[in-house]
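The values are calculated or read from the model by the stated rules, or taken from the named source; none is laboratory data. Quantities reported herein were computed from a predicted structural model and do not represent experimental measurements. Don't worry about glycine lacking a Cβ; one is built from the backbone with ideal geometry, like all the others, and counts go over all protein chains shown.
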Amino acid sequence: MSPVRIIMPVVFMVAFILWILYRLFIKKDLKKNSNNLIAGCVFFAIWGVIYYFLLKK
């Protein structure tokens, strides 16, 4: 597996965490964006399961 396939999920996870922190502390409207938060968490959970089985080989 190429290093890009390992690094990109980490970059997306950091970007998502930064978005959460921005919405939580600066905009203070994370509750209004709870659908986006849940969708992002589900996306990363599914992605994590897929990567787990890919890296398990």
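The figures follow:
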{"quantity": "Residue count for the range 8-57, restricted to those that are on the phi > 0 side of the Ramachandran plot and within 14 Å of the chain's Cα centre (by Cα)", "calculated": "0"}
{"quantity": "Failed criterion for Phe25 (all others in (1) modelled with pLDDT under 95; (2) exposed (fewer than 10 other Cβ atoms within 10 Å of the Cβ) hold)", "calculated": "(1)"}
{"quantity": "Selection within the chain - of a type in the set (Ser, Thr, Tyr) and in contact with a helix residue (DSSP H, G or I) (Cβ under 9 Å, 6 or more places away or on another chain)", "calculated": "Tyr51"}
{"quantity": "From Ile50, Ile20, Ile7, residue being surrounded by 10 or more Cβ atoms within 10 Å (Cβ to Cβ) and modelled with pLDDT of 95 or more", "calculated": "Ile20"}
{"quantity": "Members of the range 1-42 that are farther than 25 Å from Leu55 by Cβ and of a type in the set (Phe, Trp, Tyr)", "calculated": "Trp19, Tyr22, Phe25"}
